[in-house]
Amino acid sequence: MRYINAVAISQYAFPLAVAEVARQGEIAAGDSATGKILPAAVSTTQIPIGFFMDEAIGDDTKTVTVRLFEETWAYRCANDVTTPVLNAFQTVYLQDGGTVSALATGTSVAGIALEVSSEGVLVVFRKLGVA
């Protein structure tokens, strides 16, 4: 039996984008272009994910805790070596039974990356019935 690396997440610490100001209680958004968290604003690359739990000024490495809009399950997958996922908050695609990729051509959407690290990609898979 294969081990499934899953975790229930209701809040998470994300790196705050440089010079961005997180204010407790305001909406936090993930930027798929940079993989960083920032205050919600007009943008084509932001995904609203929850509320800031801390006050902070970003430097691209300092983390800030975000309470997600709803608790979700995330799964650690291997990152494809040919077309790797580079940023958190980007759409990821199924490569095989344990690997996700950034390659959209001819593949199925797996979900959204919450984190990309040397350990792999932390993925929130899309809900059943969502095309």
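The values are calculated or read from the model by the stated rules, or taken from the named source; none is laboratory data. Bear in mind that the values here come from a model prediction, so they are computed numbers and not experimental data. Neighbour counts run over all protein chains shown; Cβ positions are idealised from the backbone, glycine included.
Conditions (1) of a type in the set (D, E, K, R); (2) in contact (Cβ under 8 Å) with a residue 24 or more places away in the chain; (3) not assigned by TED's automatic domain parsing to the domain that holds GLY25, marked per residue:
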site: THR65; (1), (2), (3): no, yes, no
site: ALA78; (1), (2), (3): no, yes, yes
site: THR82; (1), (2), (3): no, no, yes
site: LEU86; (1), (2), (3): no, yes, yes
site: LEU94; (1), (2), (3): no, no, yes
site: GLY97; (1), (2), (3): no, no, yes
site: THR105; (1), (2), (3): no, no, yes
site: VAL109; (1), (2), (3): no, no, yes
site: VAL121; (1), (2), (3): no, yes, yes
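Mind checking which residues of the stretch 15-43 are more than 12 Å from VAL66 (Cα to Cα) and not in a loop (DSSP other than H, G, I, E, B)?
Result: VAL21, ASP31.
Would you pick out the residues in the stretch 74-130 that are among the aliphatic types (A, V, I, L, M) and over 21 Å from ILE49 (Cβ atoms)?
ALA78, VAL81, LEU94, LEU103, ALA104
Hey, does the stretch 70-93 have a residue that's surrounded by 13 or more Cβ atoms within 10 Å (Cβ to Cβ), more than 26 Å from ALA17 (Cα to Cα) and more than 13 Å from the chain's Cα centre (by Cα)?
No, because not a single residue in the stretch 70-93 is surrounded by 13 or more Cβ atoms within 10 Å (Cβ to Cβ), more than 26 Å from ALA17 (Cα to Cα) and more than 13 Å from the chain's Cα centre (by Cα).
Return yes or no: is SER101 touching a Phe, Trp or Tyr at 6+ places or on another chain (Cβ under 7 Å), surrounded by 19 or more Cβ atoms within 10 Å (Cβ to Cβ) and either modelled with pLDDT of 95 or more or small (Gly, Ala, Ser) (or both)?
Yes: the conditions hold for SER101.
Looking at the stretch 113-131 only, could you name the residues that are at pLDDT 85 or above and not charged (D, E, K, R)?
Within the stretch 113-131, ALA113, LEU114, VAL116, SER117, SER118, GLY120, VAL121, LEU122, VAL123, VAL124, PHE125 qualify.
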